[in-house]
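Input: a single structure, listed below in C-alpha cells.
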Amino acid sequence: IKNNKLPISAPDSEISAIIDYLIQRKFLNDIEYIDLFLEGSANRKLMGKNKVILSLNQKGLDQNQIKQRLNEKEYPEKELAIKFLSRQKPVDLSDQKSRAKLYRKFLSKGFTTSTISQALKNQLINSQ
C-alpha cells in the first residue's frame, strides 16, 4: 500500500497508522489472502506453482510467505496438471509437434517440467 503511487498527500506516519489499524481489524491479512488465492487457483484456474508464485509476487506479497504457504498447504500440482490435461482436446502424444504444443500450454499455466512429465506419462498409461 505504501508503494502504490496514489494521489494521496498524507504523511507517512498517518499511512502507517492506517495500515496498522487495518491489520489489527483483520482487513489486511497476507496469509489469509494467499490461502484464498491458492484455493481459487486450485479449484478454478488450474495454475501450477510457478504461476501462483508469479501472480502473488505481482500483487506485492512476500515470496517467502508464498512459498511457506505452498509447502504447508501441499498444493496439489500433479492433480491440477492431470485435470488441466483432461480439459484439453485429445492430442496424439506420439506426434512431437502436438506434444510440444501441449507442453508449452502447461508451461504457460505455470506447471513445472517434472509435473508436466508425470501428467503426460499418466495420460499415456491411461490411454493404453
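The values are calculated or read from the model by the stated rules, or taken from the named source; none is laboratory data. What you see is a predicted model, and the numbers here were worked out from it, not measured in a lab. Cβ coordinates were reconstructed from backbone atoms using ideal geometry, including for glycine residues, and neighbour counts include every protein chain displayed. Note: areas computed on protein heavy atoms with side chains; ligands, DNA, RNA excluded. Shrake-Rupley method; radii C 1.70, N 1.55, O 1.52, S 1.80 Å.
Straight-line cross-link partners of residue 105 among the aspartates and glutamates, defined as a Cα under 18 Å from its Cα and at least 8 positions apart when in the same chain: 77, 79, 92, 95. Ignoring lysines fewer than eight residues from residue 73 along the same chain, the ones with Cα atoms less than 22 angstrom from its Cα are 26, 45, 49, 51, 59, 83, 109.
Placing a label point 7 Å from the Cα of residue 114 along the Cα-to-Cβ direction, the residues of segment 63-107 whose backbone N falls under 18 Å of that point are 67-82, 107. Highest mobility in the GNM of the chain, judged by mean-square fluctuation with C-alpha springs under 10 Å and restricted to 49, 78, 89, is found for 89. Counting only alpha carbon atoms, the long axis of helix 63-73 and the longest principal axis of the chain meet at about 60°. In order along segment 110-116, the phi-based Karplus estimate (6.51 cos²θ - 1.76 cosθ + 1.60, θ = phi - 60°) of 3J(HN,Hα) comes to x, 7, 6, 5, 5, 5, 4 Hz; Gly and Pro are listed as x. Mind checking the angle between helix 49-58 and the chain's longest principal axis? C-alpha axes, 0 to 90 degrees, to the nearest 10. Long axis of 49-58 versus the principal axis of the chain: about 30 degrees.
Simple spin-label estimate for residue 45 and residue 62 gives 2.2 nm between the two label positions (7 Å along the Cα-to-Cβ direction from each Cα). Per residue, the chain exposes an accessible area of 72 Å² to a 1.4 Å probe, with every protein chain left in place. For the pair segment 86-125 and segment 22-71, the centres of their Cα atoms are 26 angstrom apart.
Just the number, please: carbon plus sulfur as a percent of the accessible area of the chain, 1.4 Å probe, no ligands or DNA/RNA counted. Carbon plus sulfur share of accessible area: 49 percent.
Using a 10 Å cut-off on Cβ atoms, rank the peptides 15-22, 116-123, 30-37 from the highest mean neighbour count down. Present the calculation step by step, with values, prior to reporting the outcome.
On the way: 15-22: 12.5, 116-123: 17.4, 30-37: 15.2.
The densest-packed peptide leads the list: 116-123, 30-37, 15-22.
For residue 48, the residues whose modelled amide H falls within less than 5 Å of its own, excluding neighbours fewer than 5 places apart on the same chain, are 110, 111.
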